[in-house]
Every structure is written in structure tokens, then in C-alpha cells.
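Here the structure comes first, spelled out in C-alpha cells, and everything after it is commentary.
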Amino acid sequence: MEFKKILVPISGTEIDEDTMRLACRLANKNKGKIWAVYVITVKRTLPLDAEIEPEIKNAEDILGNIEMIAEEEDYEVEAEALQAREAGPAIIDEAVERGINLILMGVKYKRRFGQFSMGSVAPYVLKNSPCPVILYQH
């Protein structure tokens, strides 16, 4: 399979680095393009376009680190912070808008009430994605 357009949702966790390195290798093999998105979740009490300085600064720092990792892999990535009510729908909207061929998501192993849990974002993306999704667990 060829993945020419890869979307990598960034969560701000340690798994982001490995996920981005994997995306660079997949894209490099197929001469593809990578978009990294970090979704800032905006509370319903605020307008969607609210200037939330601490979160915006944090997103810029995280995406700056992701760009450096891609550079180490000799690859250029387009990184963007999005503001949305929920991360899942924002990721799907971005994938549809850009005509993405692959969503590559890092998922962290979590235990909730003694059971494995992927949270709510990964299942939403798996259920609603217009393209293949690869989940990468560290």
C-alpha cells in the first residue's frame, strides 16, 4: 500500500516521538507528505476561537519538538494546532479536508478499572475514519 498523505495526531505524550519517526519512514518510502496535528480541547463555556494562551504555547512547544524529530529523520512535516470541542471529530475533519490516505496514531497503554483502555479518541477515529488507521502502541 502507498500512503502519500499521512496524518499524525499528536497527544503531547512520550509516544509521539516514536509515532512521528514511523510516519517519516512510511512517507519516505512512498515520497509522501506528513501533517502533524495537535488538538487543543476548548471547554464549552468558552468560544471555540478563544485565545487560550497557556494551551496554545504548550501546543507550539510540542509541535516544535515534533518538527525537530522529523528533521532528524530528514523529513519535513507540516505541523498545526487546532482548537475544537473534541479531538476525535477534529482529527476526522482534518483527514477528510486534506484527503489523507493514512492516519497514524500513537496510543498509550492505559488501565481503567483494571481493564485495558484506549480512551475515547482512538475508538472514535477508528469508527469514523475515511481511510486506513494504524494504531501504534509503545
Matching residues in the range 4-25 - criterion: being surrounded by fewer than 18 Cβ atoms within 10 Å (Cβ to Cβ) and part of a helix (DSSP H, G or I): 17, 18, 21, 22, 25
Top-ranked residue in the range 109-127 [being of a type outside the set (Gly, Ala, Ser) and surrounded by 15 or more Cβ atoms within 10 Å (Cβ to Cβ); ranked as nearest to residue 43 (Cα to Cα)]: 121
Failed item in (1) in contact with a strand residue (DSSP E or B) (Cβ under 8 Å, 6 or more places away or on another chain); (2) over 18 Å from residue 13 (Cα atoms), with residue 114 passing the rest: (1)
Qualifying positions in the range 27-60 - under 13 Å from residue 5 (Cα atoms) and assigned to a helix (DSSP H, G or I): 27, 28, 29, 30
Any hit, the range 53-76, residues being aliphatic (A, V, I, L, M) and over 15 Å from residue 10 (Cα atoms): no
Residue in the range 42-52 that is farthest from residue 10 (Cα to Cα), counting only those that are in contact with a strand residue (DSSP E or B) (Cβ under 7 Å, 6 or more places away or on another chain) and surrounded by 10 or more Cβ atoms within 10 Å (Cβ to Cβ): 52
Qualifying residue in the range 122-138 (condition: assigned to a strand (DSSP E or B), of a type in the set (Ser, Thr, Tyr) and in contact (Cβ under 8 Å) with a residue 12 or more places away in the chain): yes
Number of positions in the range 61-108 that are within 20 Å of residue 137 (Cα to Cα), in contact with a Gly (Cβ under 9 Å, 6 or more places away or on another chain), at pLDDT 95 or above and part of a strand (DSSP E or B): 1
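The values are calculated or read from the model by the stated rules, or taken from the named source; none is laboratory data. These figures come from a predicted structure and were not determined experimentally. As a convention, Cβ positions derive from the backbone with ideal geometry for all residues, glycine included, and neighbour counts pool all protein chains shown.
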